[in-house]
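Quick note: the coordinates plus some simple rules give every number you see, no bench work behind them. Remember, it's a predicted structure, so these values are computed and weren't measured experimentally. With ideal geometry, Cβ positions are generated from the backbone for all residues, glycine too; neighbour counts draw on all protein chains shown.
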Amino acid sequence: MVPPVKDRDQGIGMTEYRYIGKRTPRVDARDKVTGKTVYSTDLYPDGMLRARVLRAAIPHGKILRLDVSRARKLPGVEAVLTHQDIPGHNGFGIVTPNWPVLCVDRVRYRGDALALVAAVDEETAEEALKLIEVEYEPLPIIDTPEEALAEGAVQIHRDGNIQHRMDIPPKGDVEKALAESEIVLSQTYRTQFMEHAYLETEGGVAIYDEKTGVITVWCGDQYPFRDQLQVARSLDWDPLKIRIIGSPTGGAFGGKDEISVQIHLALLAYRTRKPVRLHWSREESIVAGPKRHAMNSTFRIGAGKDGRLRGIDVQVVANTGAYDTIAGPVLNLALESSPGPYKYPHSRFRGLSVYTNSAMGGEFRGFGAPQVVFGLEQELDKLAGKLKLDPIELRLLNAVEQGDISALGHRLQTSAGIKDTLEAARKTDLWRRREEIKRDLAAAHPRLRFGVGVASEWHAVGLGVGLPDFANVTIGIGEDGGITLRTGAIEIGQGNLTAYAQILAEALECGIERITVIHGDTFACPDSGSVTASRSVLINGNAILNGVKKLQPLLVRVAARALDLPEENLAYGQGRVFSQIDNGRSLSLDELAARAAEFALPLQVTGAAVFATSDKDFGDGLPHNYYTYITQLALVGVDPETGEVEVRKVISIPEMGRAINLAGVEGQCEGGVVMGIGYTLYEKVAVEKGEFLTKGFSTYILPTTLDSPEQETVIVEKPEKSGPYGGKGVGEAPTVPVTPAVANAIHDAVGLRFTRLPITPEDIVAGLEGGER
Amino acid sequence: MKFEYQRPATLEAALKFLAAAGGDCAPLAGGTDLLVMIQEGLVGPRTVLDISRLEELKNIREEDGRIEIGALVSHGRAAAAKLLREKAALLVESCLQIGSPQIRASGTIGGNLVMASPSGDTIPALYALGAGVVLKSVTGTRTVAIEDFFTGVKKSVRRPDELLTAIVFPAPEPSARGFYNKLGQRKALAIAKVSVAALVTRKGEKVEKVRIALGAVAPTVIRAPRTEEYLAGRKLDPETIAAARSLCAGESRAITDLRSTAGYRDRMAGLLLARGLEDLL
Amino acid sequence: MNEIAIRFILNGKEVSVKAPPTFTLLRLLRERLGLTGAKAGCERGECGACTVILDGEPVTACLVLAPQVEGRRVETIEGIGNGEELHPLQQAFIDESAAQCGYCIPGMIMAAKALLDRDPGPSREEIKTGLSGNLCRCTGYTKIIKAVEVVAGKSRKGSESC
């Protein structure tokens, strides 16, 4: 009998899958719940040294003298390094490597590194730091872009204080459109620096093997192959002799895509010839590592009385801190995200990214979108209010569909389910019965007022047009039938390894327990790009399917030889190779594996995939070709006397093509929501005159179990034919619209609008006293 | 971190050690504040004196109308103690508002006082209960009224050779009712932005006596004497409560810092009192 | 720095180990005993990632000095299963997909175990309070709370797990 052959490349039909769309338990769960998972900061090799980094004592100044001689003489100190000890390029950065590995003649923020110490124990390393003498000539400290752009402001870099400028080519004539609009709204929104606050701070271990010349660095990471190049560039070393092992990582959220400890560790291991361990303290992680950019976004939006959006003009100014890392693309994505998934005939988007001596702006889940969506989605709510339209109706009226031209002017070529998410939102009990729910709650809690809010987002998936946006994997079948998948992707908690195993098991129609995923090691895996931009399931998934396509003919070849049948009469299916002319004859994967070994035919393939890109190219990666679409609903209770806000319930309605793992999608939504609530109500990296006022978890306030809402996830599927089994990605979107959804719910409860984050009880009490802010 | 570690077997030995150490010695009870301060480099004692096993400082008892709580009773144990649940519910509430289950399991009643933070959760409750602080040294024992114990932020009258060994307070009259209300930046692991404790004794419909304490609105926890005076002899009706609310806000002397603003704190001091009183109605 | 010998009961077995008296229990476990399940998340008692059970109570191992555990019982994530057999909480965390990056999970499970050891059938609110000293940045807590509820529900008399 001929086995049914699934349409694996399309994967968008109604096929019932064995793994795709199921709650497959995570492949790494058992080790994680037993404490057996070894993170890079869990390594304590024999004979290792402890490293510490000397950070700038002032936020901005010239280094007049740096004297490490006393530190070097301290017993137990094995190395003290300065910029003079860097063989190669003294700088790193994902896009522009101008962030000094160790400062030479100037410090530009409190996290700047000046010297490295390696000593026999923590206490000695700490002591040695105190013996390093630095003399500074202070320079004026710039906290904000306004100060940086003022006339006569001190220049933080030779080329000035503007790090990046982006003007997307305008579409139509926005000024005319606004002038002719019956309703025009305009508002500036301000957001704060936000800390990733992964529970595992940056850290790791490096070992230099003199015999092979290989320097191995274990570290929290998102892209080991880029780290490999960055380490090699600074050490002037052969990249092929730099081994980065970055997986698993104890949370990253964008914050570990950039270099943290890697170059420092490699320098010290090379110099001392001993294993070296460096693990940033929580304070160091907050002060030195990149944050979500603080941004000011100004919106001007015009609409007709019919509720149709006519034009949008957005200007964004980002506080990027002292160095570049990836600030340009973050600003660009803020601009791309700012109109939301809506149609506007006229648009203009302009942005500036500005150097300061404040916190370092960098990559953070959401990548510029949370800052602008906070504003846009409140403006849309205001518009609905003015027009007396249901907020969901207003959004539906303007929402894009696949094939439409976006606000930016590119065609939306891939699945676009924003309308489906809005329709699903409208059907929820929370939305339909919201007045009744609020009434019942108010009766039970007379001191509180209740509100329900909605907000949506489109979130770009992938790096964007013109950027190297690829993944490679290898798939091998061993003699015992075990399947090994190798990917350079890092498991940062998002569950991608499980998704890959599901995709591979589904494609090969075999049991998932057969599959071992080896990940995140530059010496053991191919380059799969960064785990960033919600991209890793789509692109690694496609690379896996590409590999399977190459693996099946190999299996058929083995079967042909084993069964002595022509290859064209054999086909792969249900985890076996079947004969199509000879009923009943087939070979299982185990048999095929054994026979392949016997024939010395290696069952080993490489799979590759590249992102399909947009029909337009605005430069610098804009625009994107894939988007996650999402609508979120929030129910809040506000105590108008204390100003306290309790988010009681959030419903996330994502459209990510197809959900590869249901529990994984829910997990991304639930975690993203609480992170978004933190951004909305509690979290702020407070920096004044370049000094950090928040240095730990008693001042940087994360939501606890008691501050987190009940949650529901309603998954909307709209399979994308170019994604693996129709999947796109869902890593970032769920943390974005929750912020304006909560803000809109607060407005529904107490009638106040807030244009600044976080929204504190103090703001609400002041607002209720003084009217709208 | 650099220090010597000593673990005396008895209270007497601990006191002798303290007397001999001449001040450069930090008693370690729950460690939830001390070890943080050492790690942050805020204090650097030569010796850490581990008193955490002195069983004689872990009792809770009532004798002759006085309740005594050993300094080493943890917040968790205090919150679970039947005697305190029945007779000092406001203190139990303040213990439950501290940090997290882990902090409550380790942190002690005595430690919260010795650290002398104006936002310490148990302190306003103990003010309201009219507590005294028992300080022991090799030269003798003295009991200091809690309001005289604190002299400023993180400062108290405890001499370096003294150990805080117990907290004592008169068992409230059975009709007395109290509360501890707090606002923090979140619902757990929260340092008070402002807190209010009060113990109200009523005769018939009228307030006979009330003691009100405000936390995190001055360098030490403070009483609200004008509000107390106003309430004495009055019936607790909405009008009286409203007047007490604004009086109490006026007695708050808060500052603006990272956690909150002066204006908000002052206002909330009044509100938290009013809500506590309303809940007694 | 001079080291002292510390003897205590670790996961049911007596151990003797040398360490400087300034070591925290967390460093003692991780650096001298090779038990890296308890994690360093803040080292200030503010995140709960190092939670272990000391004489039946959940404590943050970063705020306990190593010599303080002399003669006492310490339970860590490595000791709560039975060989290959998982503790019911561990199984529930797997079944509910409660772990993401997993760094907070050992501390979370130990806090949950301390709670259930004391009261095998806590309510949802009691579970949330019991876990309120453990920060998680990945999961939003939903599936963690659910996992503990599943185990608690099995102990709650006459109540269905919800």
Within the under-11-Å Cβ sphere about B:Glu147, not counting B:Glu147, Lys/Arg +1 and Asp/Glu -1 give a net charge of +1
Distance in Å, no decimals, from the C-alpha centre of the range B:146-189 to the one of the range B:1-64 is 19 Å
As straight-line cross-link partners of A:Lys649, the qualifying lysines (C-alpha separation under 20 Å, not fewer than 8 residues apart within one chain) are A:Lys427, A:Lys438, B:Lys187, C:Lys128, C:Lys143, C:Lys146
Least to most buried among A:Glu135, C:Glu78, C:Glu46, by other C-beta atoms within 10 Å and fewest first, runs A:Glu135, C:Glu78, C:Glu46
Amide H contacts under 5 Å for A:Tyr626, restricted to residues at least 5 apart in sequence or on another chain and with H modeled in the peptide plane, are A:Val461
So the number of lysine pairs in the range B:19-161 with alpha-carbon atoms under 23 angstrom apart, 8 or more residues apart or on different chains, is 5
Summing +1 per Lys or Arg and -1 per Asp or Glu among the other residues with Cβ less than 14 Å from A:Arg449's Cβ gives -2
Calculated from DSSP helices alone, with each H run of at least 4 adding -39500 (n - 2.57) and the total divided by the residues of chain B, [θ]222 nm to the nearest 500 comes to -9500 deg cm²/dmol
Given a Förster distance of 22 Å, the FRET efficiency implied by the Cβ-Cβ spacing of A:Arg158 and A:Glu137, rounded to the nearest 0.05, works out to 0.80
Relative contact order of the range A:496-623 (C-alpha contacts under 8 Å, at least 6 apart) in percent is 24 percent
The base-10 log of I(q)/I(0) that the Debye equation returns for the range C:4-79 at q = 0.12, 0.24 Å⁻¹, one scatterer per C-alpha, is -0.25, -1.11
Computed over chain B: longest principal axis from alpha-carbon atoms vs helix B:11-21 long axis, angle to nearest 10 degrees, is 70 degrees
Relative contact order as a percentage, the range A:660-716, C-alpha pairs under 8 Å and 6+ apart, gives 36 percent
Here, trypsin sites (Lys or Arg not before Pro) of the range C:30-128 satisfying both criteria (DSSP loop; at most 13 other Cβ within 10 Å) are none
Note: probe point = Cα of B:Ala9 + 7 Å toward Cβ; backbone nitrogen < 18 Å; residues of the range B:29-51 passing the test are B:50-51
So A:Lys22 and A:Leu601, fully extended at 0.36 nm per residue minus their Cα-Cα distance, gain in nm 205.0 nm
In degrees, nearest 10, the alpha-carbon axis of helix C:105-118 is tilted away from the dominant principal axis of the alpha carbons of chain C by 70 degrees
Whole-Å distance linking the alpha carbon centroid of the range A:482-554 with that of the range A:324-392 is 33 Å
1/(1 + (r/R0)^6) with r = Cβ-Cβ of A:Lys305 and A:Arg432, R0 = 30 Å, i.e. FRET efficiency to nearest 0.05, evaluates to 0.65
Nearest 10, in degrees from 0 to 90: the angle of helix B:238-251 to the longest Cα principal axis of chain B is 40 degrees
Given pairs A:Lys305/A:Lys382; A:Lys256/C:Lys39; A:Lys176/A:Lys343; A:Lys256/A:Lys549; A:Lys130/C:Lys18 and cut-off 24 Å on Cα-Cα distance, the over-length ones are A:Lys256/A:Lys549; A:Lys130/C:Lys18
Taking A:Cys510, B:Cys95 and counting other beta carbon atoms within 10 angstrom, the fewest-first order is A:Cys510, B:Cys95
Computed, not fitted: 222 nm per-residue ellipticity of chain A from DSSP H runs ≥ 4 (each -39500 (n - 2.57)), nearest 500, equal to -8500 deg cm²/dmol
From fewest to most C-beta neighbours within 10 Å, the residues A:Tyr323, B:Tyr230, A:Tyr700, A:Tyr626 line up as B:Tyr230, A:Tyr700, A:Tyr323, A:Tyr626
If every Lys and Arg gets +1 and every Asp and Glu gets -1 at its Cβ, then about the Cα centre the range B:55-170 yields a dipole, in debye to the nearest 20, of 220 debye
Rounded to a whole number, the Stokes-Einstein D of the protein assembly as shown in µm²/s (Kirkwood radius over Cα pairs; 37 °C; 0.692 mPa s) is 103 µm²/s
Taking alpha-carbon centroids only, the range C:103-159 lies from the range B:78-129 a number of Å equal to 24 Å
Relative contact order of the range B:55-170 (C-alpha contacts under 8 Å, at least 6 apart) in percent is 28 percent
